[in-house]
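Below is one structure, written out as structure tokens; the observations come after it.
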Amino acid sequence: MNPLLNQLQPYPFARLREAMQGVNPPEGVAPVHLHIGEPKHPTPEVITNALTASLHELEKYPLTAGLPELRQACADWMRRRYDGLTVNPDTEVLPVLGSREALFSFVQTVLNPVSDDLKPVVLSPNPFYQIYEGAAILGGGEIRFANCPAPSFKPDWKSITEDVWQRTKVMFVCSPNNPSGSVLQLEDWQEIFDLQDKYGFIIASDECYSEIYFDGNKPIGGLQAAAQLGRSNRNIVMFTSLSKRSNVPGLRSGFVAGDAELLKNFLLYRTYHGSAMSIPVQRASIAAWNDEEHVIANRRLYQEKFDRVIPILQKAFDVKLPDASFYIWLKVPDGDDLAFAKNLWQKAAIQVLPGRFLARDTEWGNPGEGYVRIALVADVDSCVKAAETIVSLYR
């Protein structure tokens, strides 16, 4: 077996299951699962119709590069979404099986371990999406973290030492951020680009929550920020997905865009890896990227949940609307996020995720400790009722 597998840590939800052993919800109370970011809104018919209408194309082998029509749909969406941003659909767009697998596999193509004493560094925000860590370890690299302290919940890049910067090969950026929902502004991107100019690393911009935002405040993307600042997309790759945008986590569809040279090598890797998207899924994805009405309706539902839930929670907690995403990053009253999660499950059958499970211990502490992540993925009434119950337990 690959010995690097032994370095992988259990996923947050596995840690939660273990921590909840022996902690049982009250009998007869229907559980409300707010711990996992799995969209629950119905899948739009524009997508399911396109999928079922093309099932006859399952008889064909798909190309790893995808249909030209899909790459064009992705490029067209980027132009509409990011204020005229242009990418070449033939060289700067690559369909992937959801952003999760692409985030992992991309790192495997760009890390080049020299020795155990001189491992390339993958830099990550903390708290973070655990795929970043697994990708770094299994690619023979070393994961390092920049904590995201309150109140901005943005990575403290100044905490990274010079020797680490010198070895940094990839920087993961997550905006809108999971779990806090914080969004990088243009000046934040300028800081990142300045560091890139100095140290030459690749930026991997995870943007899968980009379409869950409020009051028309569209998050800026990494490639968009580069264009606005007069930069090329060299050594910049963005990852996005239909899972959150279009309520199709089971479709496993997204795309990567950016530096043509990086994507050329990524395509080569994927050809050997067997990462081609089936043609019916590609047809459904084209329909999804070409339609914004369902995205607007989806966003409206999340807006309603936050509009109703935040005022309720504010009766007992210091909490505010996030910049984007469907998460509430809630600071618990006594600082014990695990005890808070256990109490909600035991007394009210409400499941949330302790923040410590989404972060790693560093010399500056564990920045997830003292917070819980609440995913507003259930229906509106369930989210409202859960918020009222939480407040009744802690007011």
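The values are calculated or read from the model by the stated rules, or taken from the named source; none is laboratory data. The model shown is predicted, which means the values in this text are computed figures rather than measured ones. Cβ: placed from backbone, ideal geometry, glycine included. Neighbour counts: every protein chain shown. Please note that ligands, DNA and RNA were not included when accessible areas were found on the heavy atoms of the full protein model with its side chains. Shrake-Rupley method; radii C 1.70, N 1.55, O 1.52, S 1.80 Å.
Quick one: how many residues across region 37-56 are more than 30 Å from PHE357 (Cα to Cα) and surrounded by 15 or more Cβ atoms within 10 Å (Cβ to Cβ)?
Total meeting the criteria: 7.
Would you check which residues across region 305-316 are open to solvent by 40 Å² or more (accessible area, probe 1.4 Å), in a helix (DSSP H, G or I) and either among the aromatic types (Phe, Trp, Tyr) or out of contact with any helix residue (DSSP H, G or I) (no Cβ under 6 Å at 6 or more places or on another chain) (or both) and list them?
ASP307, PRO311
Could you tell me whether any residue of region 212-226 is of a type in the set (D, E, K, R), part of a loop (DSSP other than H, G, I, E, B), touching a residue at least 12 places away in the same chain (Cβ under 8 Å) and crowded, with 22+ Cβ neighbours inside 10 Å?
No, the conditions are met nowhere in region 212-226.
Listed here are the residues, each with its yes/no results for (1) within 23 Å of SER175 (Cβ to Cβ); (2) part of a helix (DSSP H, G or I); (3) open to solvent by 20 Å² or more (accessible area, probe 1.4 Å).
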{"site": "ASN233", "(1), (2), (3)": "yes, no, yes"}
{"site": "LYS264", "(1), (2), (3)": "no, yes, yes"}
{"site": "ALA284", "(1), (2), (3)": "no, yes, no"}
{"site": "PRO333", "(1), (2), (3)": "no, no, yes"}
{"site": "ALA339", "(1), (2), (3)": "no, yes, yes"}
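If ALA284 passes every condition in (1) within 22 Å of the chain's Cα centre (by Cα); (2) small (Gly, Ala, Ser); (3) under 20 Å from VAL32 (Cβ atoms) but one, which one does it miss?
With respect to (1) within 22 Å of the chain's Cα centre (by Cα); (2) small (Gly, Ala, Ser); (3) under 20 Å from VAL32 (Cβ atoms), ALA284 is out only on (3).
Which numbered condition in (1) touching a helix residue (DSSP H, G or I) at 6+ places or on another chain (Cβ under 8 Å); (2) more than 28 Å from ARG245 (Cα to Cα); (3) in contact (Cβ under 8 Å) with a residue 40 or more places away in the chain; (4) open to solvent by 30 Å² or more (accessible area, probe 1.4 Å) is the only one that ARG395 fails?
Going through (1) touching a helix residue (DSSP H, G or I) at 6+ places or on another chain (Cβ under 8 Å); (2) more than 28 Å from ARG245 (Cα to Cα); (3) in contact (Cβ under 8 Å) with a residue 40 or more places away in the chain; (4) open to solvent by 30 Å² or more (accessible area, probe 1.4 Å) one by one, ARG395 breaks only (1).
Go through region 352-373 and report how many residues are over 22 Å from ILE212 (Cα atoms), touching a residue at least 24 places away in the same chain (Cβ under 8 Å) and not in a loop (DSSP other than H, G, I, E, B).
Result for region 352-373: 4.
Can you give me the number of residues within region 171-209 that are within 20 Å of the chain's Cα centre (by Cα), over 28 Å from GLU369 (Cβ atoms) and of a type outside the set (Val, Ile, Thr)?
Qualifying residue count for the region: 2.
Would a scan of region 123-141 turn up a residue that is within 30 Å of ASP381 (Cβ to Cβ), touching a residue at least 12 places away in the same chain (Cβ under 8 Å) and touching a Gly at 6+ places or on another chain (Cβ under 7 Å)?
Taking every residue of region 123-141 in turn, at least one turns out to be within 30 Å of ASP381 (Cβ to Cβ), touching a residue at least 12 places away in the same chain (Cβ under 8 Å) and touching a Gly at 6+ places or on another chain (Cβ under 7 Å).
Does region 353-367 contain at least one residue that is outside the structural domain of VAL96 (by the TED database), touching a His at 6+ places or on another chain (Cβ under 8 Å) and either closer than 27 Å to ARG15 by Cβ or buried (at least 22 other Cβ atoms within 10 Å of the Cβ) (or both)?
Yes, region 353-367 contains a residue that is outside the structural domain of VAL96 (by the TED database), touching a His at 6+ places or on another chain (Cβ under 8 Å) and either closer than 27 Å to ARG15 by Cβ or buried (at least 22 other Cβ atoms within 10 Å of the Cβ) (or both).
Condition first: open to solvent by less than 40 Å² (accessible area, probe 1.4 Å) and either assigned to a strand (DSSP E or B) or modelled with pLDDT under 95 (or both). Now tell me which residues in region 5-36 satisfy that.
Across region 5-36, the qualifying residue is only VAL32.
Does any residue of region 274-295 turn out to be out of contact with any helix residue (DSSP H, G or I) (no Cβ under 9 Å at 6 or more places or on another chain), modelled with pLDDT under 95 and on the phi > 0 side of the Ramachandran plot?
The answer is yes, given that some residue of region 274-295 is out of contact with any helix residue (DSSP H, G or I) (no Cβ under 9 Å at 6 or more places or on another chain), modelled with pLDDT under 95 and on the phi > 0 side of the Ramachandran plot.
Consider ARG245 carefully, then state whether it is at pLDDT 95 or above, of a type outside the set (Asp, Glu), over 14 Å from GLU92 (Cα atoms) and outside the structural domain of GLU38 (by the TED database).
yes
Show the residue pairs that are 6+ apart or on different chains and have beta-carbon atoms under 8 Å apart, the first residue being within region 78-92 and within 23 Å of GLU293 (Cβ to Cβ) and open to solvent by 100 Å² or more (accessible area, probe 1.4 Å), the second being charged (D, E, K, R) and part of a loop (DSSP other than H, G, I, E, B).
Filtered contacts from region 78-92: ARG80/GLU292.
Quick check: is even one residue across region 307-314 of a type in the set (A, V, I, L, M), touching a Ser or Thr at 6+ places or on another chain (Cβ under 7 Å) and either touching a residue at least 40 places away in the same chain (Cβ under 8 Å) or in the same structural domain as ALA378 (by the TED database) (or both)?
no
Filter region 319-328 down to the residues that are open to solvent by 30 Å² or more (accessible area, probe 1.4 Å) and closer than 14 Å to ARG373 by Cα, then identify the one that is nearest to the chain's Cα centre (by Cα).
Out of the qualifying residues, it is LEU321.
Within region 57-70, does at least one residue satisfy the condition of being at pLDDT 95 or above and under 22 Å from GLN224 (Cβ atoms)?
Yes, the conditions are met somewhere in region 57-70.
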